[in-house]
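Below: one structure, written as structure tokens.
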Amino acid sequence: MAKDEHWPGMCARCGRRQAYSEPFDAALCPYCDEWREDACGDPGCEFCARRPARPSLGREVYPKDTALRRAARLAARRPRTTHPLR
């Protein structure tokens, strides 16, 4: 993934700073608990094949990833208004 000087930038949904998860090579918004880019769809991709539906669920797989830990911490603080398996 090519990163420019502003990457990962601001979340288009909530306006807060996004984060980057190195194990999944993807930008995410820890506040919205959403990935900011789609998975590639290749079942053999070492990054996308293991990527959970929400960043907060990735903490179990990679407990040392700070972006995933933050997403999990923020997700635990707020009630879910959507389906839990989204």
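The values are calculated or read from the model by the stated rules, or taken from the named source; none is laboratory data. Not measured: the values here are computed from a predicted model. Cβ coordinates were reconstructed from backbone atoms using ideal geometry, including for glycine residues, and neighbour counts include every protein chain displayed.
Structure above, values below:
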quantity: Within segment 15-59, considering residues that are among the basic types (Lys, Arg) and farther than 19 Å from Arg78 by Cα, the one surrounded by the fewest Cβ atoms within 10 Å (Cβ to Cβ); calculated: Arg50
quantity: Pairs, first free of Cβ contacts under 8 Å to residues at least 40 places away in the same chain in segment 58-78, second of a type in the set (Ser, Thr, Tyr), C-beta under 8 Å, six or more apart; calculated: Gly58/Ser21; Ala72/Ser56; Ala76/Ser56
quantity: Of the criteria (1) aromatic (Phe, Trp, Tyr); (2) surrounded by fewer than 17 Cβ atoms within 10 Å (Cβ to Cβ); (3) modelled with pLDDT of 90 or more, which one Tyr62 fails; calculated: (3)
quantity: Tally, over segment 28-77, of residues that are assigned to a loop (DSSP other than H, G, I, E, B) and of a type outside the set (Val, Ile, Thr); calculated: 27
